[in-house]
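The values are calculated or read from the model by the stated rules, or taken from the named source; none is laboratory data. Given the structure is predicted, the values throughout are model-derived calculations rather than measurements. Positions of Cβ are generated from backbone atoms using ideal geometry, with glycine treated the same way; all protein chains shown enter the neighbour counts. Remember, those area values only see protein heavy atoms, side chains included, never the ligands or the DNA or RNA. Shrake-Rupley method; radii C 1.70, N 1.55, O 1.52, S 1.80 Å.
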Amino acid sequence: MKSTLILNACVVNEGEQRTCDVLIKDGRIEAIANDLKHETADRVIDATGLHLLPGMIDDQVHFREPGLTHKGDIASESAAAVAGGITSYMEMPNVSPPTLNMDELEKKFARAAERSVANYSFYLGASNHNIDEIRAVDPTRVCGVKVFMGASTGNLLVDDPEALDLIFRDCPILIATHCEDSGMIDANAERISEQYGGDVPVEMHPVIRDVEACYASSSMAVALAKKHGSNLHVLHLTTEKELALFTAGDLAGKRITAEACVHHLWFSDRDYPERGNRIKCNPAVKAQSDRDAIREAVRNDVIDVIATDHAPHLLSEKEQPFMQAPAGLPLVEHALPMLLELYHQGVFTLEKVVQKACHNPAIRYQVANRGFIREGYAADLVLVDLNAEQQIQDGSVRYKCGWTPFAGERFRARICQTFVNGVAVFDGTQVIANTDAAQELRFER
């Protein structure tokens, strides 16, 4: 494995920025110091004027493999991820067949070992009937158990109160929940469909999947977690009302935490007329007041983690009438540049972006030796130029689906290099699809 010496980078890590050098050897960060220019290395990078960040750890992606690979697959979407500065991901169970047992999990791990460009782990999906699989999960290998508390279909919808209670009581690892109340959503959809005679506009999406549907489900999850002392992580919050369920403070002291996703930090209901089904996602993009409250909750540490919920669909699928169009957005390639644009806009500091997108996912999931720029840690690193403007267009994306919800936006930052376990997998222009670089994530539990 080649060694790399990065000189004169502005390192953003653990709440501070400092200009220093970083030496990478054998996939690890060998040294961090003010003057390493005399060290020998196979490759030397002068990073003057650039910022060095830990690689983003995305705790929520849908890479569509197996069974839905016309939308995306592990190879295509992990390549897009590293081009966007994401060096590790945790992938969801709603594929075909769904990941409801260890046999299906092992097949996913085997596929990723052959095809992934970024580090990986996978969720075990919960159902009304697989509590024994949940009880037997290996805490050191599996990132979490995903519970769809409404807003899903088939075996992945957990709508039996007794099954939910058992999951929250007996799950040995982190429980990650999608919280929307299906009954309330169905009633809203019926009412709105009658109002519009079946031709429902996309602007009704946050009315159908409304604040109350989110709050009813997330408050139930929090109540169950408090009842059983569960380790709960509520995914993709979208409403100001839900924030009252969570507390500010140091992540290390929490057993109930919350996540925001990049598209809910960027878009609001004012964007539906222009973006249409391109921003149709579940839970829905809601009012600007909700978006602004979510941003503030990131700043004040009520929300602990920022992720993507990357969920690609073909553009032909998204161009169907609103009620038939699938929900989900491709996001991994532009998530970190978008967060850096919010830094330019004064919404977040660089330190806050790194805390929520890099450090805190590692802390929350107890990821071993990743998420920080520390000596001895895996060299999952991203060099960024904060002053290299790029215009986002459909034609330049690496997703198999071939489009982006950010088309037409200008971001003032660009990913220059991405390292996974010390291996350069993106050079600012090309993804170097070195699947030998990626590793299975391990968890210190």
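Summary table below
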read-out	value
Test: residue in segment 404-414 that is among the polar types (S, T, N, Q), at pLDDT 95 or above and part of a loop (DSSP other than H, G, I, E, B)	yes
Hey, Ser88 of a type in the set (Ser, Thr, Tyr), surrounded by fewer than 24 Cβ atoms within 10 Å (Cβ to Cβ), modelled with pLDDT of 95 or more and not in a helix (DSSP H, G or I) or not	no
Members of segment 326-345 found to be touching a Cys at 6+ places or on another chain (Cβ under 8 Å) and open to solvent by 10 Å² or more (accessible area, probe 1.4 Å), listed by number	Ala327
Conditions (1) open to solvent by 40 Å² or more (accessible area, probe 1.4 Å); (2) within 29 Å of His129 (Cα to Cα); (3) at pLDDT 95 or above: number failed by Val207	(2)
Neighbours by Cβ (under 6 Å, 6+ apart or cross-chain): first from segment 92-112, touching a residue at least 24 places away in the same chain (Cβ under 8 Å); second open to solvent by 50 Å² or more (accessible area, probe 1.4 Å) and outside any helix (DSSP H, G or I)	Val95/Gly67; Ser96/Gly67
Matching residues, segment 156-187, being under 14 Å from Cys214 (Cα atoms) and open to solvent by less than 40 Å² (accessible area, probe 1.4 Å)	Thr177, His178, Cys179, Glu180, Ser182, Ile185
Odd one out for Arg445 among (1) surrounded by fewer than 22 Cβ atoms within 10 Å (Cβ to Cβ); (2) in contact (Cβ under 8 Å) with a residue 40 or more places away in the chain; (3) not in a loop (DSSP other than H, G, I, E, B)	(3)
Filter result for the condition that a residue is crowded, with 19+ Cβ neighbours inside 10 Å and in a strand (DSSP E or B), over Ile306, Ile294	Ile306
Hits in segment 401-445 - residues which are under 18 Å from the mean Cα position of the chain (by Cα) and basic (Lys, Arg)	Arg442
Subset of segment 391-439 (residues that are surrounded by fewer than 16 Cβ atoms within 10 Å (Cβ to Cβ) and of a type in the set (S, T, N, Q))	Gln391, Gln393, Ser396, Thr429, Gln430, Asn434
Segment 69-81 residues that are more than 12 Å from Arg398 (Cα to Cα) and part of a helix (DSSP H, G or I), paired with ones that are open to solvent by less than 20 Å² (accessible area, probe 1.4 Å) and of a type outside the set (Ser, Thr, Tyr) (beta carbon under 6 Å, 6 or more apart)	Ile74/Phe63; Ile74/Glu65; Ile74/Ala112
Residue list for segment 102-128, filter: buried (at least 19 other Cβ atoms within 10 Å of the Cβ) and more than 24 Å from Ala437 (Cα to Cα)	Leu124, Gly125, Ala126, Ser127
Among the candidates Pro97, Pro54, residue that is more than 18 Å from the chain's Cα centre (by Cα), farther than 21 Å from Thr140 by Cα and not polar (S, T, N, Q)	Pro97
Of all residues in segment 348-380 being among the hydroxyl-bearing types (Ser, Thr, Tyr) and touching a Phe, Trp or Tyr at 6+ places or on another chain (Cβ under 8 Å), the one that is surrounded by the fewest Cβ atoms within 10 Å (Cβ to Cβ)	Thr349
Qualifying residues in segment 91-101 (those that are among the aliphatic types (A, V, I, L, M) and over 13 Å from Glu133 (Cα atoms)) - the one surrounded by the most Cβ atoms within 10 Å (Cβ to Cβ)	Met92
Condition met for Asp58 (acidic (Asp, Glu) and either in contact with a Phe, Trp or Tyr (Cβ under 9 Å, 6 or more places away or on another chain) or surrounded by 24 or more Cβ atoms within 10 Å (Cβ to Cβ) (or both))	yes
Filter result (open to solvent by 30 Å² or more (accessible area, probe 1.4 Å) and of a type in the set (A, V, I, L, M, F, W, C)) within segment 309-325	Leu314, Leu315, Met323
Residue match in segment 111-122 (condition: under 27 Å from Met56 (Cβ atoms) and of a type in the set (Val, Ile, Thr))	yes
Failed item in (1) modelled with pLDDT of 95 or more; (2) open to solvent by 30 Å² or more (accessible area, probe 1.4 Å), with Thr153 passing the rest	(1)
Segment 245-291, residues that are assigned to a loop (DSSP other than H, G, I, E, B), closer than 21 Å to Trp403 by Cβ and either open to solvent by 10 Å² or more (accessible area, probe 1.4 Å) or touching a Leu at 6+ places or on another chain (Cβ under 6 Å) (or both)	Lys280, Cys281, Asn282
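Listed here are the residues, each with its yes/no results for (1) outside any helix (DSSP H, G or I); (2) modelled with pLDDT of 95 or more; (3) farther than 27 Å from Ile32 by Cβ; (4) touching a Leu at 6+ places or on another chain (Cβ under 6 Å).
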{"position": "Val382", "(1), (2), (3), (4)": "yes, yes, no, yes"}
{"position": "Lys400", "(1), (2), (3), (4)": "yes, yes, yes, no"}
{"position": "Thr418", "(1), (2), (3), (4)": "yes, yes, no, no"}
{"position": "Val425", "(1), (2), (3), (4)": "yes, yes, no, no"}
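Yes/no matrix, rows are residues, columns are (1) modelled with pLDDT of 95 or more; (2) in contact with a His (Cβ under 8 Å, 6 or more places away or on another chain); (3) of a type in the set (Phe, Trp, Tyr):
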{"residue": "Arg291", "(1), (2), (3)": "yes, yes, no"}
{"residue": "Asp301", "(1), (2), (3)": "yes, no, no"}
{"residue": "Pro312", "(1), (2), (3)": "yes, yes, no"}
{"residue": "Leu315", "(1), (2), (3)": "yes, no, no"}
{"residue": "Glu319", "(1), (2), (3)": "yes, no, no"}
{"residue": "Phe322", "(1), (2), (3)": "yes, yes, yes"}
{"residue": "Leu329", "(1), (2), (3)": "yes, yes, no"}
